[in-house]
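> Here's a structure for you.
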There are 2 protein chains.
Amino acid sequence: MKHVFKQKSPLKQFVSELLSGNTVTLARAITLCESQKTADRKKANDLLQEILPHTGRSLRIGITGSPGVGKSTFIDAFGKSLTSLGKKVSVLAIDPSSAKTKGSILGDRTRMEELSKDPLAFIRPTATGNSLGGVADKTREAILLCEAAGYEIIIVETVGVGQSETTVRGMVDFFLLLQLAGAGDELQGIKKGIMEMADGLVITKADGENEKRARQAQTEFQHALHLFQPSELGWTPKVLTCSALEKKGIDEIWKLIEAFHSFTTKNKSFRKNRDRQNLSWFHESIDSLLKRDIFQSSKYSTKIKSMEKKISSGKIMPSLAADEILKMLLK
Amino acid sequence: MKHVFKQKSPLKQFVSELLSGNTVTLARAITLCESQKTADRKKANDLLQEILPHTGRSLRIGITGSPGVGKSTFIDAFGKSLTSLGKKVSVLAIDPSSAKTKGSILGDRTRMEELSKDPLAFIRPTATGNSLGGVADKTREAILLCEAAGYEIIIVETVGVGQSETTVRGMVDFFLLLQLAGAGDELQGIKKGIMEMADGLVITKADGENEKRARQAQTEFQHALHLFQPSELGWTPKVLTCSALEKKGIDEIWKLIEAFHSFTTKNKSFRKNRDRQNLSWFHESIDSLLKRDIFQSSKYSTKIKSMEKKISSGKIMPSLAADEILKMLLK
């Protein structure tokens, strides 16, 4: 990353470019934050601390849905409807790798064709990392950088796999679940935990012969949502239908999100939710830093290796061996 | 837990009762390990270290499947078929609470009616804990205690929610996925990450009109499984069908698991997999102990509180605040 901060007062210059909305600078800043190198990390921290006063002013929207629900097509249409209102929109993605193969299990996805050509839109492919936690940190930082660059709506999309939805829910203001009509009881069962997290649910592909089924599903899901406890925000989740193909129902979704925004601003839960999220970020960061520092220092790694040998030969319980490491660390 | 270890040489007496297969002692031992009290934890560690040489001799089977797949009914029938062979079977469960409500999202489930009356079976309800990690530790300890008490087959069941399947996969030898026929493309998409972890897949409710669809699904899933990389064990996962209602196909599942056992014993991957799992347990325990010790000591909690204030007032980035805590800890 040697070309970053090359000016005389390099950080100040870089920050002022970022604040002016320069997308090349924004892309570089995100890449800097994604770097695993220690020197880059130091620069990234300085940069982030510098832009902190210029962050927090966007509306952060999480979007999830199973493969096949039409997520990319939806975000393409939804994003375009926002830019047509003159809003600057950025799209970030979290796509957890398969636990086993370490590669994407979904393969290449159709990108957002229209939105990617729009000068008011900034689309950033998935951050990479060794763990979902690592990816989450990078995405949180990317949100702040986009905000500093003047983006008013940040969309964080994720596929409905593993913990990623909980992770995204923890970094956005409004969480939107996309759902197909007529996917049956099984899908409802699986998605129940996710449905509890949603502030809004949209039945996609409500066009042609599918429209009637979509309306039915809308009624059913609205009933189902009533079974859950009211959210901490005091907001009752709504169910809408839309067709990205026929461009129907897209504006209504933005109206719903605006209603949510003014409702939660009025009852102060918007601010409280952001606070809670920042504190979770803090605690999650402590966890991941601890892990990194312990397993990388030679002092601990020697002790850990010897414990691993004892475990493999059945001489000590793994949890007791962990106790020994802790005693060494916190003495 | 004052009635535990009450004899003259209380630990030795307790251990000998446990090793003789006394189920009251086994239940007490599991409860002791689940206790959050420091004094109980010390006793639990002594007990576990004492029984360690008597553990590891069971076959550990993980079973997962979405709500509605007929998991309890299947385990009831499968367990009975094992006890009818004279085998001692124990059933443990991991049921992660909903991230939001902290309560079960599935409500009361039909228990295993037949198996629960069988003297060769030991069924233990879900362990409780503050986190999935905590629950996982308790379940691992419960597995060891059941093994010490002479149980030859340990079944660990879980619902298909969040990370719980990865957690269970990490503590069993054979991982069985139950699946319904004709649940469509959506479900396949969602379950792909889980399918990759499975050593066997069983299409349930293959009876009456459903039987033909089940056979079709069997062929489709067998094809789908071929798309994945071969597992580290060298084993190719198999797909079977069964009807717990008509007691069909149950014996074949046990034969499959026996074939898996002899295959992985021969190529030594059985032992290697157990080793890997013990090492993961060790590392996960370090993580959770660190978390506990840091957040509970007053030295760190004061510093953490002051950082939290700075974060809430927007004066410091959460990740930088975490850095400060780490510097204090590892100086």
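> Counting only residues that are surrounded by 13 or more Cβ atoms within 10 Å (Cβ to Cβ), more than 10 Å from chain B (Cβ to nearest Cβ) and out of contact with any helix residue (DSSP H, G or I) (no Cβ under 7 Å at 6 or more places or on another chain), how many does the range A:277-315 have?
0
> So which residues in the range B:272-329 are among the hydrophobic types (A, V, I, L, M, F, W, C) and closer than 30 Å to B:GLY234 by Cα, if there are any at all? Don't jump to the end; show me each part of the working.
Filtering the range B:272-329 down to residues among the hydrophobic types (A, V, I, L, M, F, W, C) leaves B:279, B:281-282, B:286, B:289-290, B:294-295, B:304, B:307, B:311, B:316-317, B:320-322, B:325-326, B:328-329.
Result: B:LEU279, B:TRP281, B:PHE282.
> Cβ-Cβ distance below 7 Å, separation of 6 or more or different chains: which pairs start in the range B:284-296 with a residue that is over 18 Å from B:THR166 (Cβ atoms) and end on one that is outside any helix (DSSP H, G or I)?
As it stands, the answer is B:ASP293/A:LEU330, since those pairs meet every condition given.
> Filter the range B:182-209 down to residues that are modelled with pLDDT of 75 or more and over 20 Å from B:ASP251 (Cα atoms), then give me how many there are.
Just the residues of the range B:182-209 that are modelled with pLDDT of 75 or more, to begin with: B:194-209.
In the following step, the residues that additionally are over 20 Å from B:ASP251 (Cα atoms) were identified as B:194-197, B:209.
Result for the range B:182-209: 5.
> Then there is this: Among (1) at pLDDT below 85; (2) under 27 Å from A:CYS242 (Cα atoms), which single condition is A:GLY129 missing?
Among (1) at pLDDT below 85; (2) under 27 Å from A:CYS242 (Cα atoms), A:GLY129 violates only (2).
> Across the range A:44-76, what is the total count of residues that are assigned to a helix (DSSP H, G or I) and among the charged types (D, E, K, R)?
4
> In the range A:47-82, what residues are facing chain B (nearest Cβ under 10 Å), surrounded by fewer than 16 Cβ atoms within 10 Å (Cβ to Cβ) and on the phi < 0 side of the Ramachandran plot?
A:GLN49, A:PRO53
> Could you check, for the range A:265-276, whether at least one of its residues is among the acidic types (Asp, Glu), surrounded by 18 or more Cβ atoms within 10 Å (Cβ to Cβ) and within 10 Å of chain B (Cβ to nearest Cβ)?
Looking through the range A:265-276, none of the residues is among the acidic types (Asp, Glu), surrounded by 18 or more Cβ atoms within 10 Å (Cβ to Cβ) and within 10 Å of chain B (Cβ to nearest Cβ).
> For residues in the range B:316-331 being more than 7 Å from chain A (Cβ to nearest Cβ) and of a type in the set (A, V, I, L, M, F, W, C), which is nearest to A:LEU329 (Cα to Cα)?
B:LEU329
> Still on this structure, please answer the following. Does the range A:50-62 hold any residues that are in contact with a Leu (Cβ under 9 Å, 6 or more places away or on another chain), within 20 Å of A:TRP254 (Cα to Cα) and at pLDDT 95 or above, and which are they?
Across the range A:50-62, the qualifying residues are A:ILE61, A:GLY62.
> Looking at (1) part of a helix (DSSP H, G or I); (2) more than 26 Å from A:LEU177 (Cα to Cα); (3) more than 20 Å from the chain's Cα centre (by Cα); (4) not β-branched (Val, Ile, Thr), can you tell me which one A:GLY21 breaks?
All conditions are met except number (1).
> Answer yes or no as to whether B:SER243 is of a type in the set (S, T, N, Q) and not assigned by TED's automatic domain parsing to the domain that holds B:ARG169.
So B:SER243 fails the test.
The values are calculated or read from the model by the stated rules, or taken from the named source; none is laboratory data. Quick caveat: nothing in here was measured; it's all calculated off a predicted structure. Note: ideal-geometry Cβ built from the backbone for every residue, glycine included; neighbour counts use all protein chains shown.
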